[in-house]
1. Report the accessible area of residue 61, computed with a 1.4 Å probe over the heavy atoms of all protein chains in place, in Å² rounded to the nearest 10.
2. May I ask you to derive the FRET efficiency for residue 170 and residue 115 from their Cβ-Cβ distance with R0 = 35 Å, giving the value to the nearest 0.05?
3. Under a 1.4 angstrom probe, counting protein chains only, how are 253, 142 ranked by accessible area, largest first?
4. Multiply the residue gap between residue 8 and residue 199 by 0.36 nm, knock off their C-alpha separation, and tell me the result in nm, one decimal place.
5. Would you check the accessible area of residue 239, probe 1.4 Å, heavy atoms only, in square angstrom rounded to 10?
6. Out of all DSSP beta bridges with both ends in segment 34-241, state the antiparallel percent to the nearest 5.
7. I'd like the FRET efficiency for residue 98 and residue 19, computed as 1/(1 + (r/R0)^6) with the beta carbon distance as r and R0 of 25 Å, rounded to 0.05.
8. With a Förster radius of 45 Å, plug the Cβ-Cβ distance of residue 74 and residue 263 into 1/(1 + (r/R0)^6) and report the FRET value to the nearest 0.05.
Amino acid sequence: MYNMDLTEDQIERYSRQIVLKEVGGIGQKKLLNSKVSLIGLGALGSSTAYYLVAAGIGSLRIIDFDLVEISNLHRQILHFTKDINKIKTKSAAEKLNALNPDCNIEIINDRISSKNSKEFLKGSDFVIEGSDNLPTKMLINDTCISLKIPFTIAGVLRFHGQIMTVVPENKTACYRCVFGDRTEGDSSMSCSQAGVIGFVPGVLGCLEANEALKYILNVGELLTNKILYVDLLRYSFDFIEVHRDTNCLACGDQAKDLVESLNYGGLDACNDQ
Ligand SMILES: [Zn+2]
């Protein structure tokens, strides 16, 4: 736990955000005391991790199992050309440790599954989902609801993306409320088939970091009970209102813990947006 006063270096490092009334010294200490978990060190995870670590999040747990490939580099800006074939968690930790020694980078170099998701995510103040496949998104949704941890989920394709935040304690609409009970591999196209421009996950990853920061500081409005749909070709930012489904298997009135009972098929799909 970080209970000390801010050091002179920290006051200088974070001065441009400490000056904001929404942050201040107290908010900065809250950030330095907070623990965020991030699933996926792809393109979404790259911008999320850089900005959270730069902002002085105290602890960032990064979860991925993949190796860096050359086709990742146009969008996954945590990884450099010299990192090809390196384990993504190692590549990411090198950059993030170099960026800000205040942040403790905790590495989990493993594929998240229903067998380990509770273990991996417990103790987090906030969870950020940055994978590229529906089964992982559903698993994170169900695990966080079970553990009552707030989280944000984003997805990107081509020139557009979407993001929503769920606060289980406030019974806001969850990902399963909106996208149904599919856990098997999604029939829709992935980025490798349909393509994606790197800036889109860059923007959406920043929005995910912003959600974590706002939740920790308890400022502003979160993207709860709504989806923000971003289209960078048209420059449109549209909000779609969504509602909690009282029959939802994950968060409904009769909901049971799904993580141990459901089969999250397709979790061997690539895990990096
Ligand atoms: Zn739900």
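The values are calculated or read from the model by the stated rules, or taken from the named source; none is laboratory data. Because the structure is a prediction, the values reported are computed rather than measured. Reconstructed Cβ throughout: ideal geometry from the backbone, glycine too, with neighbour counts over all protein chains shown. Ligands, DNA and RNA are excluded from the accessible area calculation, which covers all protein heavy atoms including side chains. Shrake-Rupley method; radii C 1.70, N 1.55, O 1.52, S 1.80 Å.
1. So the heavy atoms of residue 61 present about 20 Å² to solvent.
2. Working from the Cβ atoms, E equals 0.75.
3. Values: 253 100, 142 5 Å².
The most accessible residue leads, giving 253, 142.
4. 65.3 nm
5. We get 130 Å² for residue 239.
6. 50
7. Numbers: r = 25 Å, r/R0 = 1.02.
Computed FRET efficiency for residue 98 and residue 19: 0.50.
8. Rounded to the nearest 0.05, the efficiency is 0.85.
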